[in-house]
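First up is the structure itself, then whatever we jot down about it.
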Amino acid sequence: MHHLDEPSSNSSSDAAAVGPWYKELNRYHWFVLLVSVLGWLFDTMDQQLFNLARAPAIRELMGPQYVQLYGAIATMVFMIGWATGGLVFGVLGDRIGRAKTMMWTILIYSFCTGLSSFSVGFWDFAFYRFLTGLGVGGEFAVGVALVAEVMPERARTHALGWLQACSAIGNVTAAFISMGLAPFEAAGTLGAVQPWRVMFLIGALPALLALVIRRRLKEPERWQQLRDNPESAKKLGSYSELLSHPTWRKHALLGLVMATAGVVGLWGIGFFSFDLVRSVFREQFNTEARTPEATALDRGFVRQVIADPTRLETIGEGEDQTKKTRIALARDKVRVEHLLDEDSGLLYAAMLGLDKDQDITPEVVLAAATKSGARAEPLQAVLHGVPPTTQPFPDAVRQIGERTQDIGSRLTLWAGINGLLFNIGAFFGIYAFARVTPFLGRKPTFAIAFVCALLTTAFAFWNLNKFGDIFWMVPLMGFFQISLFGGYAIYFPELFPTRLRSTGISFCYNVGRYAASVGPLILGALASQVFGVHGEVMSWRYAGVTMCSFFLLGLVVLPFLPETKDRPLPE
(Lines give C-alpha, C1' and ligand atoms only; values in the text may rest on other atoms or scores of the structure.)
Protein backbone atom coordinates (compact mmCIF):
# COMPACT_ATOMS: atom_id res chain seq x y z
CA MET A 1 0.00 0.00 0.00
CA HIS A 2 2.58 2.57 -1.17
CA HIS A 3 5.04 1.71 1.59
CA LEU A 4 2.46 1.91 4.35
CA ASP A 5 2.66 -0.78 7.01
CA GLU A 6 0.01 -3.47 6.81
CA PRO A 7 -2.52 -3.43 9.66
CA SER A 8 -2.11 -6.78 11.33
CA SER A 9 -4.95 -6.66 13.83
CA ASN A 10 -6.72 -4.34 16.17
CA SER A 11 -5.63 -6.30 19.19
CA SER A 12 -2.61 -5.16 21.14
CA SER A 13 0.18 -7.29 22.44
CA ASP A 14 1.09 -7.52 26.08
CA ALA A 15 4.36 -5.77 25.40
CA ALA A 16 2.56 -2.85 23.82
CA ALA A 17 0.13 -2.47 26.71
CA VAL A 18 2.39 0.01 28.48
CA GLY A 19 3.21 3.57 27.52
CA PRO A 20 1.12 6.07 25.52
CA TRP A 21 -1.65 4.63 23.37
CA TYR A 22 -0.29 6.20 20.18
CA LYS A 23 2.93 4.19 20.47
CA GLU A 24 0.89 1.17 19.35
CA LEU A 25 0.05 2.73 15.98
CA ASN A 26 2.04 1.98 12.83
CA ARG A 27 2.06 4.14 9.70
CA TYR A 28 -1.04 2.57 8.22
CA HIS A 29 -2.97 3.07 11.47
CA TRP A 30 -2.06 6.77 11.31
CA PHE A 31 -3.07 6.93 7.65
CA VAL A 32 -6.50 5.42 8.38
CA LEU A 33 -7.01 7.79 11.29
CA LEU A 34 -5.95 10.80 9.21
CA VAL A 35 -8.26 9.95 6.29
CA SER A 36 -11.19 9.28 8.62
CA VAL A 37 -10.53 12.50 10.53
CA LEU A 38 -10.42 14.52 7.29
CA GLY A 39 -13.60 12.90 5.98
CA TRP A 40 -15.53 13.77 9.15
CA LEU A 41 -13.78 17.15 9.51
CA PHE A 42 -14.95 18.26 6.04
CA ASP A 43 -18.36 16.76 6.78
CA THR A 44 -18.75 18.93 9.87
CA MET A 45 -17.40 21.94 7.97
CA ASP A 46 -20.28 21.50 5.55
CA GLN A 47 -22.78 21.27 8.41
CA GLN A 48 -21.43 24.47 9.96
CA LEU A 49 -21.40 26.34 6.65
CA PHE A 50 -25.11 25.56 6.40
CA ASN A 51 -25.76 26.87 9.91
CA LEU A 52 -23.89 30.08 9.13
CA ALA A 53 -25.51 30.53 5.72
CA ARG A 54 -29.07 29.48 6.60
CA ALA A 55 -30.47 32.83 7.80
CA PRO A 56 -28.83 34.98 5.08
CA ALA A 57 -29.93 32.50 2.41
CA ILE A 58 -33.58 32.51 3.52
CA ARG A 59 -33.49 36.31 3.77
CA GLU A 60 -32.34 36.62 0.17
CA LEU A 61 -34.47 33.83 -1.30
CA MET A 62 -37.73 34.60 0.54
CA GLY A 63 -37.62 37.67 2.78
CA PRO A 64 -36.75 38.44 6.41
CA GLN A 65 -40.12 37.52 7.89
CA TYR A 66 -39.67 33.88 6.76
CA VAL A 67 -36.27 33.27 8.38
CA GLN A 68 -37.44 31.57 11.59
CA LEU A 69 -39.97 29.16 10.11
CA TYR A 70 -38.34 28.36 6.77
CA GLY A 71 -34.87 28.22 8.29
CA ALA A 72 -36.25 25.49 10.55
CA ILE A 73 -37.85 23.71 7.56
CA ALA A 74 -34.56 23.79 5.63
CA THR A 75 -32.78 22.31 8.65
CA MET A 76 -35.43 19.59 8.97
CA VAL A 77 -35.07 18.67 5.27
CA PHE A 78 -31.29 18.52 5.66
CA MET A 79 -31.62 16.22 8.66
CA ILE A 80 -34.09 13.94 6.88
CA GLY A 81 -31.56 13.61 4.05
CA TRP A 82 -28.88 12.97 6.67
CA ALA A 83 -30.93 10.20 8.27
CA THR A 84 -31.80 8.61 4.92
CA GLY A 85 -28.19 8.67 3.75
CA GLY A 86 -27.03 7.25 7.05
CA LEU A 87 -29.37 4.28 6.81
CA VAL A 88 -28.58 3.54 3.16
CA PHE A 89 -24.83 4.01 3.34
CA GLY A 90 -24.64 2.35 6.74
CA VAL A 91 -25.82 -0.91 5.17
CA LEU A 92 -23.56 -0.38 2.15
CA GLY A 93 -20.64 0.13 4.51
CA ASP A 94 -21.20 -3.40 5.86
CA ARG A 95 -21.91 -4.91 2.43
CA ILE A 96 -19.49 -3.32 -0.06
CA GLY A 97 -16.88 -2.05 2.40
CA ARG A 98 -16.02 0.93 4.56
CA ALA A 99 -13.51 2.57 2.18
CA LYS A 100 -15.69 2.46 -0.95
CA THR A 101 -18.69 3.79 0.91
CA MET A 102 -16.68 6.61 2.48
CA MET A 103 -15.46 7.71 -0.95
CA TRP A 104 -19.01 7.97 -2.34
CA THR A 105 -20.38 9.81 0.67
CA ILE A 106 -17.64 12.46 0.48
CA LEU A 107 -18.26 12.98 -3.24
CA ILE A 108 -22.00 13.40 -2.68
CA TYR A 109 -21.84 15.91 0.16
CA SER A 110 -19.12 17.96 -1.56
CA PHE A 111 -20.81 18.18 -4.96
CA CYS A 112 -24.26 18.97 -3.57
CA THR A 113 -22.88 21.62 -1.21
CA GLY A 114 -21.51 23.38 -4.28
CA LEU A 115 -24.92 23.10 -5.97
CA SER A 116 -26.53 24.91 -3.02
CA SER A 117 -24.66 28.04 -4.07
CA PHE A 118 -26.77 28.28 -7.24
CA SER A 119 -30.18 28.19 -5.51
CA VAL A 120 -32.79 30.57 -6.93
CA GLY A 121 -35.63 29.80 -4.51
CA PHE A 122 -36.34 28.04 -1.24
CA TRP A 123 -37.39 24.67 -2.59
CA ASP A 124 -34.39 24.06 -4.83
CA PHE A 125 -32.21 25.21 -1.90
CA ALA A 126 -33.96 22.66 0.34
CA PHE A 127 -33.58 19.94 -2.33
CA TYR A 128 -29.82 20.51 -2.57
CA ARG A 129 -29.58 20.38 1.22
CA PHE A 130 -31.45 17.06 1.22
CA LEU A 131 -28.96 15.62 -1.28
CA THR A 132 -26.07 16.98 0.77
CA GLY A 133 -27.55 15.33 3.83
CA LEU A 134 -27.44 11.94 2.09
CA GLY A 135 -23.65 12.12 1.94
CA VAL A 136 -23.17 13.76 5.32
CA GLY A 137 -25.23 11.09 7.07
CA GLY A 138 -23.42 8.17 5.48
CA GLU A 139 -19.86 9.31 6.16
CA PHE A 140 -19.92 9.24 9.97
CA ALA A 141 -20.94 5.61 10.42
CA VAL A 142 -18.43 4.14 7.98
CA GLY A 143 -15.63 6.36 9.30
CA VAL A 144 -16.26 5.35 12.90
CA ALA A 145 -16.55 1.66 11.98
CA LEU A 146 -13.30 1.85 9.99
CA VAL A 147 -11.32 3.40 12.84
CA ALA A 148 -12.84 1.10 15.47
CA GLU A 149 -11.88 -2.02 13.50
CA VAL A 150 -8.39 -0.99 12.39
CA MET A 151 -7.04 0.52 15.61
CA PRO A 152 -5.32 -1.62 18.29
CA GLU A 153 -7.65 -2.46 21.17
CA ARG A 154 -6.09 -0.15 23.76
CA ALA A 155 -5.87 2.75 21.29
CA ARG A 156 -9.46 2.45 20.04
CA THR A 157 -11.18 4.72 22.59
CA HIS A 158 -8.52 7.42 22.23
CA ALA A 159 -8.52 7.28 18.42
CA LEU A 160 -12.32 7.52 18.24
CA GLY A 161 -12.23 10.41 20.70
CA TRP A 162 -9.73 12.26 18.52
CA LEU A 163 -11.77 11.47 15.40
CA GLN A 164 -14.77 13.23 16.90
CA ALA A 165 -12.72 15.99 18.57
CA CYS A 166 -11.10 16.97 15.28
CA SER A 167 -14.57 17.48 13.83
CA ALA A 168 -14.48 20.76 15.74
CA ILE A 169 -11.66 21.84 13.43
CA GLY A 170 -14.09 21.53 10.51
CA ASN A 171 -16.59 23.69 12.35
CA VAL A 172 -13.89 26.24 13.22
CA THR A 173 -12.79 26.29 9.57
CA ALA A 174 -16.34 27.19 8.56
CA ALA A 175 -16.33 29.97 11.16
CA PHE A 176 -13.07 31.37 9.75
CA ILE A 177 -14.54 31.24 6.24
CA SER A 178 -17.51 33.30 7.45
CA MET A 179 -15.27 35.76 9.29
CA GLY A 180 -12.95 36.02 6.29
CA LEU A 181 -15.82 36.96 3.99
CA ALA A 182 -17.05 39.76 6.28
CA PRO A 183 -14.47 42.38 5.12
CA PHE A 184 -15.24 41.61 1.46
CA GLU A 185 -18.94 42.05 2.15
CA ALA A 186 -18.31 45.37 3.92
CA ALA A 187 -16.15 46.64 1.06
CA GLY A 188 -18.66 45.57 -1.57
CA THR A 189 -16.00 43.39 -3.25
CA LEU A 190 -18.45 40.54 -3.77
CA GLY A 191 -20.82 42.78 -5.70
CA ALA A 192 -24.28 41.27 -6.04
CA VAL A 193 -23.00 37.84 -4.88
CA GLN A 194 -23.99 37.13 -1.29
CA PRO A 195 -21.38 35.62 1.08
CA TRP A 196 -23.54 32.55 1.77
CA ARG A 197 -23.20 31.53 -1.90
CA VAL A 198 -19.41 31.78 -1.68
CA MET A 199 -19.46 29.65 1.50
CA PHE A 200 -21.24 26.81 -0.29
CA LEU A 201 -18.84 26.97 -3.25
CA ILE A 202 -15.90 26.55 -0.88
CA GLY A 203 -17.73 23.57 0.63
CA ALA A 204 -17.31 21.66 -2.65
CA LEU A 205 -13.51 21.36 -2.25
CA PRO A 206 -13.43 18.22 -0.02
CA ALA A 207 -14.26 16.13 -3.10
CA LEU A 208 -10.49 15.97 -3.66
CA LEU A 209 -10.16 13.72 -0.59
CA ALA A 210 -12.12 11.02 -2.41
CA LEU A 211 -9.19 10.59 -4.82
CA VAL A 212 -6.86 9.75 -1.93
CA ILE A 213 -9.33 7.23 -0.53
CA ARG A 214 -9.75 5.53 -3.90
CA ARG A 215 -5.99 5.10 -4.36
CA ARG A 216 -4.70 4.11 -0.93
CA LEU A 217 -7.33 3.10 1.63
CA LYS A 218 -8.23 -0.56 1.98
CA GLU A 219 -10.86 -2.43 3.95
CA PRO A 220 -10.32 -3.54 7.59
CA GLU A 221 -9.05 -7.07 8.13
CA ARG A 222 -12.06 -7.94 10.32
CA TRP A 223 -14.50 -6.99 7.56
CA GLN A 224 -12.51 -8.80 4.84
CA GLN A 225 -12.55 -12.03 6.83
CA LEU A 226 -16.32 -11.87 7.18
CA ARG A 227 -16.80 -11.02 3.50
CA ASP A 228 -14.59 -13.94 2.41
CA ASN A 229 -16.65 -16.38 4.50
CA PRO A 230 -19.71 -17.29 2.37
CA GLU A 231 -21.84 -18.00 5.43
CA SER A 232 -21.07 -14.80 7.33
CA ALA A 233 -21.08 -12.67 4.16
CA LYS A 234 -24.82 -13.30 3.81
CA LYS A 235 -25.40 -11.62 7.19
CA LEU A 236 -23.40 -8.46 6.50
CA GLY A 237 -25.42 -5.29 6.91
CA SER A 238 -28.85 -6.74 7.74
CA TYR A 239 -31.43 -4.54 9.43
CA SER A 240 -33.63 -7.59 9.86
CA GLU A 241 -30.96 -9.33 11.95
CA LEU A 242 -30.24 -6.13 13.88
CA LEU A 243 -33.88 -5.79 14.88
CA SER A 244 -34.69 -9.49 15.35
CA HIS A 245 -31.82 -10.37 17.69
CA PRO A 246 -32.98 -9.37 21.22
CA THR A 247 -29.63 -7.97 22.38
CA TRP A 248 -28.82 -5.99 19.23
CA ARG A 249 -32.41 -4.74 18.98
CA LYS A 250 -32.32 -3.46 22.55
CA HIS A 251 -28.99 -1.71 21.97
CA ALA A 252 -30.21 -0.22 18.69
CA LEU A 253 -33.49 1.17 20.04
CA LEU A 254 -32.04 2.58 23.25
CA GLY A 255 -29.04 3.96 21.37
CA LEU A 256 -31.50 5.63 19.01
CA VAL A 257 -33.14 7.48 21.91
CA MET A 258 -29.73 8.54 23.25
CA ALA A 259 -28.72 9.88 19.86
CA THR A 260 -32.04 11.69 19.43
CA ALA A 261 -31.49 13.59 22.68
CA GLY A 262 -28.10 14.86 21.57
CA VAL A 263 -29.07 15.57 17.97
CA VAL A 264 -32.17 17.58 18.94
CA GLY A 265 -30.08 19.42 21.51
CA LEU A 266 -27.49 20.37 18.91
CA TRP A 267 -29.53 20.87 15.72
CA GLY A 268 -32.78 21.93 17.37
CA ILE A 269 -31.18 24.33 19.87
CA GLY A 270 -27.40 24.76 19.85
CA PHE A 271 -26.90 25.55 16.18
CA PHE A 272 -29.70 28.12 16.34
CA SER A 273 -27.43 30.15 18.62
CA PHE A 274 -26.22 31.70 15.34
CA ASP A 275 -29.73 33.04 14.75
CA LEU A 276 -30.02 34.21 18.36
CA VAL A 277 -26.72 36.08 18.10
CA ARG A 278 -27.77 37.69 14.81
CA SER A 279 -31.09 38.78 16.32
CA VAL A 280 -29.54 40.19 19.52
CA PHE A 281 -26.78 42.05 17.72
CA ARG A 282 -29.00 43.24 14.85
CA GLU A 283 -31.09 45.12 17.40
CA GLN A 284 -27.94 46.67 18.86
CA PHE A 285 -26.43 47.58 15.49
CA ASN A 286 -29.71 49.07 14.26
CA THR A 287 -30.03 51.11 17.46
CA GLU A 288 -26.51 52.46 16.97
CA ALA A 289 -27.38 53.46 13.40
CA ARG A 290 -30.67 55.11 14.41
CA THR A 291 -29.46 58.70 14.41
CA PRO A 292 -32.08 61.43 13.84
CA GLU A 293 -30.60 62.03 10.39
CA ALA A 294 -30.86 58.33 9.48
CA THR A 295 -34.45 58.18 10.72
CA ALA A 296 -35.45 61.18 8.63
CA LEU A 297 -33.66 59.73 5.61
CA ASP A 298 -35.44 56.38 5.96
CA ARG A 299 -38.90 57.85 6.25
CA GLY A 300 -38.42 60.25 3.38
CA PHE A 301 -37.02 57.46 1.25
CA VAL A 302 -40.02 55.23 1.96
CA ARG A 303 -42.43 58.00 0.98
CA GLN A 304 -40.55 58.51 -2.28
CA VAL A 305 -40.82 54.79 -3.04
CA ILE A 306 -44.54 54.68 -2.26
CA ALA A 307 -45.16 57.75 -4.38
CA ASP A 308 -43.25 56.28 -7.33
CA PRO A 309 -42.46 52.56 -6.86
CA THR A 310 -40.83 52.32 -10.28
CA ARG A 311 -37.85 54.11 -8.74
CA LEU A 312 -36.86 50.77 -7.23
CA GLU A 313 -36.31 49.47 -10.74
CA THR A 314 -33.72 52.17 -11.36
CA ILE A 315 -31.46 50.68 -8.68
CA GLY A 316 -28.95 48.59 -10.56
CA GLU A 317 -29.65 49.99 -14.02
CA GLY A 318 -26.61 49.28 -16.10
CA GLU A 319 -25.61 46.39 -13.82
CA ASP A 320 -28.30 44.07 -15.12
CA GLN A 321 -30.95 44.55 -17.76
CA THR A 322 -33.72 42.41 -16.29
CA LYS A 323 -36.42 44.03 -14.19
CA LYS A 324 -36.61 41.06 -11.83
CA THR A 325 -32.90 41.18 -11.04
CA ARG A 326 -32.96 44.96 -10.52
CA ILE A 327 -35.80 44.59 -8.02
CA ALA A 328 -33.85 41.83 -6.23
CA LEU A 329 -30.82 44.12 -6.13
CA ALA A 330 -32.96 46.89 -4.67
CA ARG A 331 -34.23 44.51 -2.00
CA ASP A 332 -30.65 43.58 -1.16
CA LYS A 333 -29.28 47.12 -1.04
CA VAL A 334 -32.15 48.42 1.06
CA ARG A 335 -32.84 45.51 3.40
CA VAL A 336 -36.04 46.16 5.26
CA GLU A 337 -34.77 44.89 8.62
CA HIS A 338 -32.33 47.81 8.72
CA LEU A 339 -35.10 50.43 8.56
CA LEU A 340 -37.48 51.48 11.32
CA ASP A 341 -40.24 48.95 11.97
CA GLU A 342 -42.98 51.06 10.42
CA ASP A 343 -40.85 51.99 7.43
CA SER A 344 -39.72 48.41 6.81
CA GLY A 345 -43.28 47.12 6.69
CA LEU A 346 -44.26 49.70 4.11
CA LEU A 347 -41.16 49.24 1.98
CA TYR A 348 -41.51 45.46 1.99
CA ALA A 349 -45.15 45.74 0.93
CA ALA A 350 -44.13 48.05 -1.91
CA MET A 351 -41.43 45.67 -3.10
CA LEU A 352 -43.75 42.69 -2.86
CA GLY A 353 -46.36 44.47 -4.94
CA LEU A 354 -43.78 45.52 -7.49
CA ASP A 355 -42.62 41.92 -7.79
CA LYS A 356 -46.20 40.94 -8.62
CA ASP A 357 -46.64 43.83 -11.11
CA GLN A 358 -49.38 45.40 -8.97
CA ASP A 359 -50.29 49.07 -9.00
CA ILE A 360 -48.71 50.58 -5.90
CA THR A 361 -50.62 53.30 -4.08
CA PRO A 362 -50.44 54.41 -0.44
CA GLU A 363 -53.75 52.66 0.18
CA VAL A 364 -52.60 49.36 -1.38
CA VAL A 365 -49.34 49.41 0.58
CA LEU A 366 -51.11 50.29 3.82
CA ALA A 367 -53.57 47.43 3.35
CA ALA A 368 -50.77 44.95 2.63
CA ALA A 369 -48.65 46.12 5.56
CA THR A 370 -51.50 45.97 8.08
CA LYS A 371 -52.79 42.60 6.90
CA SER A 372 -50.30 40.79 9.15
CA GLY A 373 -51.48 42.72 12.22
CA ALA A 374 -49.37 45.88 12.10
CA ARG A 375 -51.05 48.96 13.56
CA ALA A 376 -52.25 51.40 10.92
CA GLU A 377 -51.66 54.62 12.90
CA PRO A 378 -47.84 54.72 12.76
CA LEU A 379 -47.93 53.57 9.14
CA GLN A 380 -50.31 56.39 8.26
CA ALA A 381 -47.95 58.81 9.96
CA VAL A 382 -45.10 57.67 7.74
CA LEU A 383 -47.20 57.84 4.59
CA HIS A 384 -48.90 61.15 5.15
CA GLY A 385 -47.32 62.91 8.13
CA VAL A 386 -43.65 63.04 7.17
CA PRO A 387 -42.41 65.08 4.22
CA PRO A 388 -40.41 63.19 1.61
CA THR A 389 -36.66 63.72 1.64
CA THR A 390 -35.21 66.38 -0.59
CA GLN A 391 -32.09 64.28 -1.02
CA PRO A 392 -31.65 62.86 -4.54
CA PHE A 393 -32.90 59.29 -4.77
CA PRO A 394 -29.54 57.73 -5.79
CA ASP A 395 -27.80 59.36 -2.80
CA ALA A 396 -30.44 58.02 -0.41
CA VAL A 397 -30.03 54.54 -1.89
CA ARG A 398 -26.26 54.77 -1.54
CA GLN A 399 -26.38 55.87 2.12
CA ILE A 400 -28.94 53.24 3.13
CA GLY A 401 -27.03 50.62 1.11
CA GLU A 402 -23.76 51.46 2.87
CA ARG A 403 -25.46 51.13 6.24
CA THR A 404 -26.96 47.82 5.14
CA GLN A 405 -23.57 46.49 4.05
CA ASP A 406 -21.94 47.61 7.29
CA ILE A 407 -24.57 45.96 9.50
CA GLY A 408 -24.59 42.81 7.35
CA SER A 409 -20.81 42.43 7.46
CA ARG A 410 -20.75 42.93 11.25
CA LEU A 411 -23.44 40.27 11.68
CA THR A 412 -21.49 37.89 9.42
CA LEU A 413 -18.37 38.49 11.50
CA TRP A 414 -20.10 37.89 14.84
CA ALA A 415 -21.88 34.80 13.56
CA GLY A 416 -18.44 33.48 12.61
CA ILE A 417 -17.05 34.36 16.05
CA ASN A 418 -20.01 32.54 17.63
CA GLY A 419 -19.21 29.45 15.55
CA LEU A 420 -15.52 29.67 16.37
CA LEU A 421 -16.09 29.87 20.12
CA PHE A 422 -18.79 27.18 20.11
CA ASN A 423 -16.42 24.75 18.44
CA ILE A 424 -13.41 25.60 20.54
CA GLY A 425 -15.57 24.53 23.45
CA ALA A 426 -16.69 21.49 21.43
CA PHE A 427 -13.11 20.34 20.82
CA PHE A 428 -12.25 20.35 24.50
CA GLY A 429 -15.62 18.80 25.38
CA ILE A 430 -15.05 15.80 23.11
CA TYR A 431 -11.48 15.43 24.34
CA ALA A 432 -12.65 15.64 27.95
CA PHE A 433 -15.24 12.90 27.38
CA ALA A 434 -12.57 10.62 25.89
CA ARG A 435 -10.26 11.27 28.85
CA VAL A 436 -12.89 10.88 31.58
CA THR A 437 -14.80 7.84 30.31
CA PRO A 438 -11.94 5.29 30.80
CA PHE A 439 -12.02 6.17 34.52
CA LEU A 440 -15.70 6.81 35.28
CA GLY A 441 -17.20 4.52 32.65
CA ARG A 442 -19.40 5.30 29.64
CA LYS A 443 -22.74 5.68 31.44
CA PRO A 444 -21.69 7.99 34.31
CA THR A 445 -19.86 10.25 31.84
CA PHE A 446 -22.96 10.43 29.62
CA ALA A 447 -25.15 11.29 32.63
CA ILE A 448 -22.91 14.22 33.59
CA ALA A 449 -22.80 15.44 29.99
CA PHE A 450 -26.60 15.36 29.50
CA VAL A 451 -27.28 17.31 32.71
CA CYS A 452 -24.62 19.93 32.01
CA ALA A 453 -25.71 20.32 28.37
CA LEU A 454 -29.25 21.09 29.53
CA LEU A 455 -28.15 23.66 32.11
CA THR A 456 -25.54 25.50 30.04
CA THR A 457 -27.73 25.67 26.91
CA ALA A 458 -30.74 27.05 28.78
CA PHE A 459 -28.52 29.56 30.59
CA ALA A 460 -26.89 30.81 27.37
CA PHE A 461 -30.15 31.18 25.44
CA TRP A 462 -31.79 33.11 28.26
CA ASN A 463 -28.90 35.37 29.28
CA LEU A 464 -26.83 36.15 26.18
CA ASN A 465 -27.13 39.93 25.74
CA LYS A 466 -23.71 41.52 25.34
CA PHE A 467 -20.69 40.93 23.15
CA GLY A 468 -18.73 39.75 26.18
CA ASP A 469 -21.32 37.04 26.91
CA ILE A 470 -20.40 35.20 23.73
CA PHE A 471 -16.85 34.59 24.91
CA TRP A 472 -17.81 32.34 27.82
CA MET A 473 -21.46 31.29 27.44
CA VAL A 474 -21.08 29.93 23.91
CA PRO A 475 -17.89 27.85 24.51
CA LEU A 476 -19.45 26.38 27.66
CA MET A 477 -22.56 25.39 25.72
CA GLY A 478 -20.45 23.88 22.93
CA PHE A 479 -18.28 21.98 25.44
CA PHE A 480 -21.13 19.97 26.93
CA GLN A 481 -23.38 19.67 23.87
CA ILE A 482 -20.68 18.25 21.60
CA SER A 483 -19.09 16.13 24.32
CA LEU A 484 -22.12 13.87 23.84
CA PHE A 485 -21.09 13.20 20.25
CA GLY A 486 -17.61 12.24 21.38
CA GLY A 487 -19.37 9.70 23.58
CA TYR A 488 -21.45 8.37 20.69
CA ALA A 489 -18.31 7.77 18.59
CA ILE A 490 -16.79 5.74 21.44
CA TYR A 491 -19.89 3.95 22.73
CA PHE A 492 -21.95 2.96 19.67
CA PRO A 493 -19.24 0.76 18.04
CA GLU A 494 -19.03 -1.15 21.34
CA LEU A 495 -22.72 -2.09 21.21
CA PHE A 496 -22.70 -4.13 17.95
CA PRO A 497 -20.78 -7.05 16.36
CA THR A 498 -18.51 -6.56 13.34
CA ARG A 499 -21.06 -7.78 10.76
CA LEU A 500 -23.61 -5.21 12.02
CA ARG A 501 -21.35 -2.46 13.31
CA SER A 502 -21.80 0.11 10.53
CA THR A 503 -25.50 -0.78 10.29
CA GLY A 504 -26.02 -0.47 14.05
CA ILE A 505 -24.15 2.83 14.35
CA SER A 506 -26.15 4.21 11.42
CA PHE A 507 -29.42 3.04 12.94
CA CYS A 508 -28.74 4.79 16.26
CA TYR A 509 -27.32 7.94 14.79
CA ASN A 510 -29.56 8.32 11.75
CA VAL A 511 -32.96 6.89 12.65
CA GLY A 512 -32.48 9.19 15.61
CA ARG A 513 -32.20 12.01 13.09
CA TYR A 514 -35.62 11.21 11.63
CA ALA A 515 -37.07 11.74 15.07
CA ALA A 516 -34.76 14.68 15.72
CA SER A 517 -35.54 16.35 12.38
CA VAL A 518 -38.75 17.72 13.88
CA GLY A 519 -36.65 19.47 16.55
CA PRO A 520 -35.71 22.47 14.36
CA LEU A 521 -39.31 22.64 13.11
CA ILE A 522 -40.62 22.65 16.69
CA LEU A 523 -38.12 25.36 17.62
CA GLY A 524 -39.04 27.42 14.55
CA ALA A 525 -42.76 27.03 15.25
CA LEU A 526 -42.28 27.95 18.90
CA ALA A 527 -40.22 31.00 17.98
CA SER A 528 -42.44 32.26 15.14
CA GLN A 529 -45.92 31.13 16.19
CA VAL A 530 -46.12 30.43 19.94
CA PHE A 531 -43.67 33.00 21.31
CA GLY A 532 -43.59 35.34 18.30
CA VAL A 533 -45.64 37.98 20.13
CA HIS A 534 -42.64 38.61 22.41
CA GLY A 535 -40.47 39.90 19.55
CA GLU A 536 -37.68 38.23 17.60
CA VAL A 537 -35.05 38.05 20.36
CA MET A 538 -37.32 36.92 23.21
CA SER A 539 -39.05 34.39 20.96
CA TRP A 540 -35.67 32.69 20.39
CA ARG A 541 -35.03 32.71 24.15
CA TYR A 542 -38.36 31.16 25.14
CA ALA A 543 -38.17 28.56 22.36
CA GLY A 544 -34.57 27.57 23.14
CA VAL A 545 -35.14 27.11 26.88
CA THR A 546 -38.31 25.07 26.22
CA MET A 547 -36.46 22.75 23.83
CA CYS A 548 -33.75 21.96 26.40
CA SER A 549 -36.10 19.37 27.92
CA PHE A 550 -35.05 17.00 25.11
CA PHE A 551 -31.73 16.38 26.88
CA LEU A 552 -33.67 14.49 29.56
CA LEU A 553 -34.42 11.69 27.04
CA GLY A 554 -30.79 10.58 27.21
CA LEU A 555 -30.90 10.31 30.99
CA VAL A 556 -34.06 8.20 30.90
CA VAL A 557 -32.57 5.37 28.79
CA LEU A 558 -29.06 5.25 30.30
CA PRO A 559 -29.93 2.77 33.10
CA PHE A 560 -31.10 0.18 30.54
CA LEU A 561 -27.90 0.15 28.45
CA PRO A 562 -24.75 -1.91 29.20
CA GLU A 563 -21.52 -0.50 30.58
CA THR A 564 -18.79 -1.31 28.01
CA LYS A 565 -15.74 0.10 29.79
CA ASP A 566 -12.69 -2.21 29.45
CA ARG A 567 -14.61 -4.68 27.25
CA PRO A 568 -13.44 -5.79 23.76
CA LEU A 569 -15.54 -5.13 20.67
CA PRO A 570 -18.25 -7.78 20.25
CA GLU A 571 -17.58 -10.19 17.40
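Here are a few things to note about the model shown:
- Restricting the search to helices (runs of 4 or more DSSP H) fully inside region 257-314 and requiring at least 1 residues that are in contact with a helix residue (DSSP H, G or I) (Cβ under 8 Å, 6 or more places away or on another chain) and modelled with pLDDT of 70 or more gives 273-289, 292-307.
- Scanning region 381-440 for residues that are of a type in the set (Val, Ile, Thr), over 24 Å from the mean Cα position of the chain (by Cα) and at pLDDT 85 or above, we see that the one that is nearest to residue 157 (Cα to Cα) is 437.
- Residues in region 445-459 that are over 12 Å from residue 265 (Cα atoms), touching a Gly at 6+ places or on another chain (Cβ under 9 Å) and either surrounded by fewer than 23 Cβ atoms within 10 Å (Cβ to Cβ) or of a type in the set (S, T, N, Q) (or both): 445, 447.
- Scanning region 430-442 for residues that are of a type in the set (Lys, Arg) and surrounded by 18 or more Cβ atoms within 10 Å (Cβ to Cβ) yields one hit, 442.
- Residue satisfying condition, being touching a residue at least 60 places away in the same chain (Cβ under 8 Å) and either closer than 24 Å to residue 219 by Cα or surrounded by 24 or more Cβ atoms within 10 Å (Cβ to Cβ) (or both), within set 88, 67: 67
- The listed residues are 57, 145, and the only one of them that is touching a residue at least 40 places away in the same chain (Cβ under 8 Å) and within 30 Å of residue 413 (Cβ to Cβ) turns out to be 57.
- Subset tally (residues that are in contact with a Ser or Thr (Cβ under 7 Å, 6 or more places away or on another chain) and modelled with pLDDT under 80) for region 185-222: 5
- Just one of (1) touching a Cys at 6+ places or on another chain (Cβ under 6 Å); (2) farther than 27 Å from residue 219 by Cα fails for residue 132. It is (2).
- Checking residue 53 against (1) under 21 Å from residue 518 (Cβ atoms); (2) within 13 Å of the chain's Cα centre (by Cα); (3) not polar (S, T, N, Q), the condition it does not meet: (1)
Residues checked against (1) more than 19 Å from residue 261 (Cβ to Cβ); (2) surrounded by 17 or more Cβ atoms within 10 Å (Cβ to Cβ); (3) of a type in the set (S, T, N, Q):
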position	(1), (2), (3)
496	yes, yes, no
511	no, yes, no
540	yes, yes, no
552	no, no, no
563	no, no, no
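- Against the criterion of being at pLDDT below 85 and within 29 Å of residue 277 (Cβ to Cβ), residue 135 does not qualify.
- The listed residue being of a type outside the set (D, E, K, R) and touching a Pro at 6+ places or on another chain (Cβ under 8 Å), out of 479, 496, 507, 531: 496
- The set of residues in region 530-567 being at pLDDT 85 or above and outside any helix (DSSP H, G or I) consists of 561, 562, 563, 564.
- Test: residue in region 129-152 that is over 30 Å from residue 499 (Cα atoms) and of a type in the set (Lys, Arg): yes
- Hits in region 480-531 - residues which are more than 21 Å from residue 138 (Cβ to Cβ) and among the β-branched types (Val, Ile, Thr): 518, 522, 530
The values are calculated or read from the model by the stated rules, or taken from the named source; none is laboratory data. No experiment lies behind these values; they were computed from the predicted model shown. Quick reminder, even Gly has a Cβ in these numbers, built from the backbone with ideal geometry, and neighbours come from all protein chains shown.
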